[in-house]
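Novice: Dumping the structure here so I can ask a few things about it.
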Amino acid sequence: MAAKPILYYFDGRGRMESVRWLLAAAGVEYEEVLFKTAEDFDNLIKSGKLMYDQVPMVEMDGMYIVQTRAILKYIATKYNLYGQDLKERAIIDMYVEGMRDLNDMMIYFPFSLPEQKQKILNYILERATERFFPVYEKALKDHGKNYLLGNQLSWADVQLIEVILMVEELKSGILSAFPKLQEFKARVSKLPNIQKFLQPGSPRKPQEDETTVEVVKKIFKGEDDLFLQHM
Ligand code: GTS
């Protein structure tokens, strides 16, 4: 088995981007196998490494780990980003699950039909500003500490910076009503591992453009309007 984790996915953000973020935050170097065609994906399925014939899949520590949450939990636990005890883990789970709800909407947004994009965009921005961001703003305000759980960086913080940046791509200035999130973003962006990941040329992926959307649809033999199918 390889020493460095190997990430298997298409050449885009999708569900794998949170894995890239978490490994980067933990300072872990990794390799990527980025497939480009349906044939590449079929070959991976034929290898028998994908438990459900689905990606993301991460090869690490002698395992072929699938299911995004399982991958993220394993990395968070291994690199001490998953709290100190059961209660802290429950709190991290609550934060992360909310952020993943938001993250999932944004993952599927590029795959929505052109005529529905504005409506979906409005919905995502409304959920971000009315449901999710107020929770994290309040948490940071109430305890006055640097990170969601206090003074130690956790998986929840890494997921939060990822979703903040994604929502900002959809609408700049979206944090104007959230001063604590603005401070949080500035603080976390300066952490050396995160700063490195934010530099051009890092393995961080851009939001899927039209070309990538078409490639992905071909790889997974997907229909139009993946957004509605998944939401
Ligand atoms: N619950 C799984 C997870 O979170 O990992 C879902 C994985 C999933 O649906 N993967 C898609 C896939 O492999 C690719 S993507 O949605 O991440 O782009 N689809 C192929 C298939 O046959 O389901």
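Novice: Which condition does residue 136 not pass, out of (1) more than 19 Å from residue 166 (Cβ to Cβ); (2) away from the ligand (no atom under 15 Å from the Cβ), if it passes all the others?
Specialist: Of (1) more than 19 Å from residue 166 (Cβ to Cβ); (2) away from the ligand (no atom under 15 Å from the Cβ), only one is false for residue 136: (1).
Novice: Right, here's the next one. When only residues in the stretch 1-41 that are more than 22 Å from residue 209 (Cα to Cα) and charged (D, E, K, R) count, which is nearest to the ligand (Cβ to nearest atom)?
Specialist: Result: 31.
Novice: Here is a further query. Evaluate the following for residue 171: is it over 21 Å from residue 23 (Cβ atoms) and surrounded by fewer than 16 Cβ atoms within 10 Å (Cβ to Cβ)?
Specialist: In short, yes.
Novice: Restricting to the stretch 42-83, and then to whatever is of a type in the set (A, V, I, L, M) and within 9 Å of the ligand (Cβ to nearest atom), can you tell me which residue is farthest from residue 99 (Cα to Cα)?
Specialist: Checked the stretch 42-83; the qualifying residue farthest from residue 99 (Cα to Cα) is 45.
Novice: Any residue at all in the stretch 60-72 that's without any contact (Cβ under 8 Å) to a residue 24 or more places away in the chain, of a type in the set (Val, Ile, Thr) and outside the structural domain of residue 123 (by TED's automatic domain parsing)?
Specialist: Scanning the stretch 60-72 turns up at least one residue that is without any contact (Cβ under 8 Å) to a residue 24 or more places away in the chain, of a type in the set (Val, Ile, Thr) and outside the structural domain of residue 123 (by TED's automatic domain parsing).
Novice: Also, quick follow-up: So, in the stretch 176-220, of the ones that are in a loop (DSSP other than H, G, I, E, B), away from the ligand (no atom under 16 Å from the Cβ) and among the hydrophobic types (A, V, I, L, M, F, W, C), which residue ends up surrounded by the fewest Cβ atoms within 10 Å (Cβ to Cβ)?
Specialist: 177
Novice: Looking at residue 133, is it of a type in the set (A, V, I, L, M, F, W, C), farther than 23 Å from residue 179 by Cα and surrounded by 16 or more Cβ atoms within 10 Å (Cβ to Cβ)?
Specialist: So residue 133 fails the test.
Novice: Before we move on, is residue 129 β-branched (Val, Ile, Thr) and outside the structural domain of residue 166 (by TED's automatic domain parsing)?
Specialist: Considered against the rule, which asks whether it is β-branched (Val, Ile, Thr) and outside the structural domain of residue 166 (by TED's automatic domain parsing), residue 129 comes out as no.
Novice: I would also like to ask the following. When residues of the stretch 87-130 are filtered for being touching a Leu at 6+ places or on another chain (Cβ under 8 Å) and in a helix (DSSP H, G or I), how many remain?
Specialist: Result for the stretch 87-130: 16.
The values are calculated or read from the model by the stated rules, or taken from the named source; none is laboratory data. The shown structure was predicted, so the numbers you read here are calculated from the model rather than taken from an experiment. Reconstructed Cβ throughout: ideal geometry from the backbone, glycine too, with neighbour counts over all protein chains shown.
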